[in-house]
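Below: one structure, written as structure tokens.
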Amino acid sequence: MKEKFLDLLAQKYDSEEKVVTEIINLEAILDLPKGTEHFVSDLHGEYQAFQHVLRNGSGKVKEKIRDIFKHELSEEEINEFATLVYYPEEKLQLIRDQFDNNQELNAWYSKTIDQIIRLIPYASSKYTRSKLRKALPKQFVYIIEELLYKTDEYTNKKHYYSKIVQKVISLGQADKLIIGLAYTTQQLVVDHLHVVGDIYDRGPEPDKIMEALINYHSLDIQWGNHDVLWIGAFSGSKVCLANILRICARYDNLDIIEDVYGINLRPLLNLAEKYYEDNPAFRPKRHSNKQQSAEEQLQITKIHQAIAMIQFKLEMPIIKRRTYFNMSKRLLLEKIDYENNEITIQGNTYSLENTCFATINPDQPDELLEEEKQVMDKLLFSVQHSEKLARHMEFLMKKGTLYLRYNGNLLIHGCMPIDENGNMEKMVIENKAYAGRELLDIFEQYLRYAFANREVTDDLATDMVWYLWTGEYSSLFGKREMTTFERYFIKDKATHKERKNPYYYLREKEEICRRILEEFDLDPDQGHIINGHTPVKEIDGENPIKANGKMIVIDGGFSKAYQPTTGIAGYTLLYNSFGMQLVAHQHFSSKEDVLRNGNDVLSVRRLVDKELERKKVSETNVGEKLIQEINMLNSLLKYRYMK
Ligand SMILES: O=P(O)(O)OC[C@H]1O[C@](O)(COP(=O)(O)O)[C@@H](O)[C@@H]1O
Ligand SMILES: [Mn+2]
């Protein structure tokens, strides 16, 4: 077996020199400082704010510019230059408009090309030449390398370099070169991105975030509860589908469904028009600047009710067929006194407000009307046949996992379900108990199975994806129940409360975090848990760094809808060879504001951890793989060349 494998490897490395060169190359990489990891979470459709953070590397781009040019450029010029690196196309356009003759513009080009060429070696100092080459704009690799590797000792070459730059400008290539190098810089500053969940829902442009991620050079995703809801819908779960439509209606984002993913909402609208009226509890949240007519608002309000009622009905058969989901408390449509418009929950009776029960048969409240059934069948068909959605969901599956162990840290969107004593909570699935890492692994297996078998819509795997959205032992939800029904129909706020898993107070304790890290076979002295999911209320003095630095919560709320409660516009985390830094972002106004005023509200930094010695690639996940490769190549060297 081993010989067979080595024979195959020998096809690629077909000479002694090739094997040796690769070994030397890999050994050299192991000795380089580790690349910068960038962590973001809870993007919630806020593409503009997200891409800004992505483009500025949470402040790293400006930091590099400042390091090099602080003695040469004013703060204003540094801001200008940084903006050019973030948004090269738009910034170039603005700059071109400022000059009224070509001579001045060309002088600007020449100065700028020189500056950006000086930035590249600094930004790439941690990488091999080959990695840098891969990050360069392809059409200009030769020219850029000539410019990069100039040495001042041969002054007679100086003329030659300025000739190259002049030629680039006179041939009208300056813009393209600057744009290419700006993206190279962005790419060099962050080596790898982690998206710790919740790309979808609430904000208006999750699809654009997905496109940006698809085009990003290196990343992984830990699914959030909202992401699995979309995966569930695509995998055939009608209740997940009803939920995503309900949330889109609630946040006035139905154009994502219709215009972006091409799903026809007409049948749903017809149903909604037939059975529903205006209803204050279902009017869309006004959080965008979108202009909307009264008629449009009314339509959305009706759709919102139609789909919410379908959702409540669809939940019931699942709760009944999966008793171990332990959700019988959520069979609310059965607990309603339809004559008196009241509901009794755990012995307390509440009157119901803003009800819209026209499609409910009180004798069998979970029964869908024939029309409702047809609407859901059509919607599911269109969802599963949307090419764009398929591409986005496939990418989520390819890059995503429920949790990730990476460079000693545990990345997980929500929580590890634990009890008051910090023990891993057990869930019995099909007569077998699972807890801790095993539970998360089985959840992920079900999710992958549901995705692979999309034509089946009511098997355990498909139901389980919905459980991940709302079940008490879901590591993504982390609460005991979701009180959507109560929030629509019951005034008493006490019924709206969603009790959190004990994890959310116990994670303040170092001891608990250490136990969880151990559960995942991670070194508790070295590792951290990195969570998203729960907005950190900076406004109330909540600290995102918990448990003596073992726990870091980076959901500061990109989501505009949640910013008033957090008082901040999101946290991100950076982890480079010197340690970890938490970055707090202020409210992002707009790209236009950044472009015109260089307004790039500087992020506050908090040091999470400082490495005593600079961390090298050899100590990382990537390093581990490289060491394995080196071992294989050494075996090949022995086997083939007797060395
Ligand atoms: O703010 P909304 O739209 O009412 O949503 C509230 C619902 O969202 C959730 O908080 C889940 O979403 P998050 O993952 O963003 O917290 C539920 O627990 C809750 O019922
Ligand atoms: Mn979440």
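The values are calculated or read from the model by the stated rules, or taken from the named source; none is laboratory data. Keep in mind that what you see is a predicted model, and the values were worked out from it rather than measured. With ideal geometry, Cβ positions are generated from the backbone for all residues, glycine too; neighbour counts draw on all protein chains shown.
Observations
- Scan segment 353-400 for residues that are among the β-branched types (Val, Ile, Thr) and either free of Cβ contacts under 8 Å to residues at least 40 places away in the same chain or under 20 Å from Phe234 (Cβ atoms) (or both) and the total you get is 2.
- Met642 satisfies every condition listed in (1) touching a residue at least 60 places away in the same chain (Cβ under 8 Å); (2) at positive phi except (1).
- The listed residue being buried (at least 16 other Cβ atoms within 10 Å of the Cβ), within 16 Å of ligand 2 (Cβ to nearest atom) and in the same structural domain as Lys335 (by TED's automatic domain parsing), out of Tyr467, Tyr446: Tyr467
- Matching entry among Arg448, Arg454 (being closer than 21 Å to Leu380 by Cα, basic (Lys, Arg), at pLDDT 95 or above and over 23 Å from the mean Cα position of the chain (by Cα)): Arg454
- Verdict on Glu481 being away from ligand 1 (no atom under 14 Å from the Cβ) and not aromatic (Phe, Trp, Tyr): no
- Residue in segment 535-546 that is buried (at least 18 other Cβ atoms within 10 Å of the Cβ), of a type outside the set (Lys, Arg) and touching a His at 6+ places or on another chain (Cβ under 6 Å) present: no
- Enumeration of residues in segment 16-32 that are surrounded by fewer than 16 Cβ atoms within 10 Å (Cβ to Cβ) and in contact with a helix residue (DSSP H, G or I) (Cβ under 9 Å, 6 or more places away or on another chain): Glu16, Lys18, Val20, Asn25, Glu27, Asp31
Yes/no per residue for (1) part of a strand (DSSP E or B); (2) of a type outside the set (A, V, I, L, M, F, W, C); (3) at pLDDT 95 or above; (4) within 16 Å of ligand 2 (Cβ to nearest atom):
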residue	(1), (2), (3), (4)
Leu476	no, no, yes, yes
Glu486	no, yes, yes, no
Glu511	no, yes, yes, no
Asp521	no, yes, yes, no
Pro535	no, yes, no, yes
Glu542	no, yes, no, no
Gly556	no, yes, no, yes
Pro564	no, yes, no, no
Ala569	no, no, no, no
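- Leu517 being within 20 Å of Trp223 (Cα to Cα), outside the structural domain of Leu411 (by TED's automatic domain parsing) and away from ligand 2 (no atom under 16 Å from the Cβ): yes
- All positions within segment 488-498 that are more than 16 Å from ligand 2 (Cβ to nearest atom) and either part of a loop (DSSP other than H, G, I, E, B) or buried (at least 20 other Cβ atoms within 10 Å of the Cβ) (or both): Tyr488, Phe489, Ile490, Lys491, Asp492, Lys497
- Only one of the listed residues (Asp198, Asp175, Asp114, Asp100) is touching a helix residue (DSSP H, G or I) at 6+ places or on another chain (Cβ under 9 Å) and farther than 24 Å from Asn215 by Cβ. That residue is Asp114.
- Helices (runs of 4 or more DSSP H) wholly inside segment 74-173 that include at least 3 residues being over 29 Å from Glu22 (Cα atoms): 75-86, 88-98, 102-123, 158-170
- Which listed residue is in contact with a strand residue (DSSP E or B) (Cβ under 8 Å, 6 or more places away or on another chain) and within 21 Å of Glu90 (Cβ to Cβ), from Tyr183, Tyr216: Tyr216
- Where strands (runs of 3 or more DSSP E) fall wholly inside segment 328-413, the ranges with 1 or more residues that are among the small types (Gly, Ala, Ser) are 348-351.
- Taking segment 181-237 as the range and being assigned to a loop (DSSP other than H, G, I, E, B), more than 16 Å from ligand 2 (Cβ to nearest atom) and of a type outside the set (Val, Ile, Thr) as the test, the residues that pass are Asp191, Pro204, Glu205, Asn215, Tyr216, His217, Ser218, Ser235, Gly236, Ser237.
- Pair list, Cβ under 9 Å, 6 or more apart: segment 401-414 residue more than 15 Å from ligand 1 (Cβ to nearest atom), other residue β-branched (Val, Ile, Thr) and in a loop (DSSP other than H, G, I, E, B): Leu404/Val196; Tyr406/Thr620; Asn407/Thr620; Gly408/Thr620; Leu411/Val196
- Candidates Glu519, Glu481, Glu542, filtered to the one that is in contact (Cβ under 8 Å) with a residue 12 or more places away in the chain and farther than 22 Å from Gly436 by Cβ: Glu481
Each row is one residue, and each column tells you yes or no for (1) in a strand (DSSP E or B); (2) within 16 Å of ligand 2 (Cβ to nearest atom); (3) closer than 18 Å to Leu574 by Cα.
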{"site": "Glu3", "(1), (2), (3)": "no, no, no"}
{"site": "Leu6", "(1), (2), (3)": "no, no, no"}
{"site": "Glu17", "(1), (2), (3)": "no, no, no"}
{"site": "Ile23", "(1), (2), (3)": "no, no, no"}
{"site": "Gly35", "(1), (2), (3)": "no, no, yes"}
{"site": "Leu43", "(1), (2), (3)": "no, yes, yes"}
{"site": "Phe50", "(1), (2), (3)": "no, yes, yes"}
{"site": "Asn56", "(1), (2), (3)": "no, no, yes"}
{"site": "Gly59", "(1), (2), (3)": "no, no, yes"}
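- For Ile263, the conditions (1) buried (at least 22 other Cβ atoms within 10 Å of the Cβ); (2) more than 15 Å from ligand 2 (Cβ to nearest atom); (3) under 20 Å from the mean Cα position of the chain (by Cα) all hold with the exception of (3).
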